[in-house]
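The values are calculated or read from the model by the stated rules, or taken from the named source; none is laboratory data. Keep in mind that this is a model prediction, so the values were computed, not measured. Cβ placement follows ideal geometry from the backbone for every residue including glycine, while neighbour counts extend to all protein chains displayed.
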Amino acid sequence: MTIVIKVGTNILTNENGELHVAHLQHIADQIFKIKVTLSQNVVLVTSGAITCGSKKLDIKKKTIPEKQAAAAVGQFLLMKEYDTAFTKHGLQVAQILLTKNAFLDNKRRTHTLNTFRTLLEHNIIPIVNENDTVSTEELQFGDNDALSSQVAQLLEATDYIILTDTNGLYDKNPKHFSDATLISYVDQIDDQILAMADSNTDDKSTGGMTSKLYAAKSATEAGIPTLIGPGYVTDVLLKHFNKGNIGTKFKARSKR
């Protein structure tokens, strides 16, 4: 029984590109409570490395070497803070950096799955990110929405949660339209639902609502219920598992 949670860049960094340590700590606090109350394993897929790394290095992350250098520094900063946050609850973390080749054939998938299983058996929280420091274009996921969806499917997760800086899926972009309406439940992600997404991104995150919907579509078609919810809301994870009306919930389809 495993929950996969993806946390977006805008939840983990502030407007200046610095790590938002309080938000990171709050995510860790909620994960601890989930593990205690639900007795489930949790895997965390984290964004934010390139953004906070480029801030630390004071570079613009325009070239591939700059992005890879920023990722190397940012990963260290992220893991340092995650280790501190989870240590407060007596939990140990481990870093897993992946590229697409971890999922390309059965042998690699098996090795990847065995690593996850071994860590979870020892009550260690795997913290996953794309290996941006070495990944090449053909092996990149492009965003952590796609990566986290693949991880959820690999682990046959019981829940897949995408925490972002919006309340969920709206019928149109709430940043542009004051009459936009939040959609609280989606039975099936079809072309009409996909058309509601706004793929515009800002200067920090790599995935917009479109990438999140495709990640949710892939997961729900594999039989995994999915939530896109507001990571900045206090106790968002706890509210979700207490059947609270928060974010947009996507129904799992029957497994093929």
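All conditions but one from (1) out of contact with any Leu (no Cβ under 6 Å at 6 or more places or on another chain); (2) under 26 Å from G231 (Cβ atoms); (3) surrounded by fewer than 19 Cβ atoms within 10 Å (Cβ to Cβ) apply to Y82; the one that does not is (3).
Outside any loop (DSSP other than H, G, I, E, B), modelled with pLDDT of 95 or more, surrounded by 13 or more Cβ atoms within 10 Å (Cβ to Cβ) and of a type outside the set (V, I, T): is that true of F116 in this structure?
Answer is yes for this residue.
Only one entry in K251, K217, K239 is crowded, with 19+ Cβ neighbours inside 10 Å, of a type in the set (K, R) and within 19 Å of the chain's Cα centre (by Cα), namely K217. No other residue among L98, L163 is at pLDDT 90 or above, under 14 Å from the mean Cα position of the chain (by Cα) and farther than 23 Å from F32 by Cα apart from L98.
Does T46 satisfy the condition of being in contact with a strand residue (DSSP E or B) (Cβ under 8 Å, 6 or more places away or on another chain), of a type in the set (S, T, Y) and closer than 15 Å to K80 by Cα? Judged against the criteria, T46 is a match. Could we say that G74 is in contact (Cβ under 8 Å) with a residue 12 or more places away in the chain, of a type in the set (G, A, S) and touching a strand residue (DSSP E or B) at 6+ places or on another chain (Cβ under 8 Å) here? Against the criterion (in contact (Cβ under 8 Å) with a residue 12 or more places away in the chain, of a type in the set (G, A, S) and touching a strand residue (DSSP E or B) at 6+ places or on another chain (Cβ under 8 Å)), G74 does not qualify. Condition first: more than 20 Å from S149 (Cα to Cα) and without any contact (Cβ under 8 Å) to a residue 12 or more places away in the chain. Can you find one or more residues in segment 103-116 that meet it? No, segment 103-116 has no match at all. Quickly run through segment 35-56 and pick out the residues that are buried (at least 20 other Cβ atoms within 10 Å of the Cβ) and either hydrophobic (A, V, I, L, M, F, W, C) or assigned to a loop (DSSP other than H, G, I, E, B) (or both). Within segment 35-56, V42, V43, L44, V45, S47, G48, A49, I50, C52 meet the criteria. Across segment 194-202, a minimum of one residue is classified as farther than 19 Å from F103 by Cβ, in a helix (DSSP H, G or I), over 13 Å from the mean Cα position of the chain (by Cα) and modelled with pLDDT under 95. For segment 57-75, the set of residues classified as in a helix (DSSP H, G or I) and surrounded by fewer than 23 Cβ atoms within 10 Å (Cβ to Cβ) consists of L57, I64, P65, E66, K67, Q68, A69, A72, V73, listed by residue number.
Would you confirm whether any residue within segment 86-98 is among the aromatic types (F, W, Y) and surrounded by fewer than 21 Cβ atoms within 10 Å (Cβ to Cβ)?
No - not one qualifying residue is present in segment 86-98.
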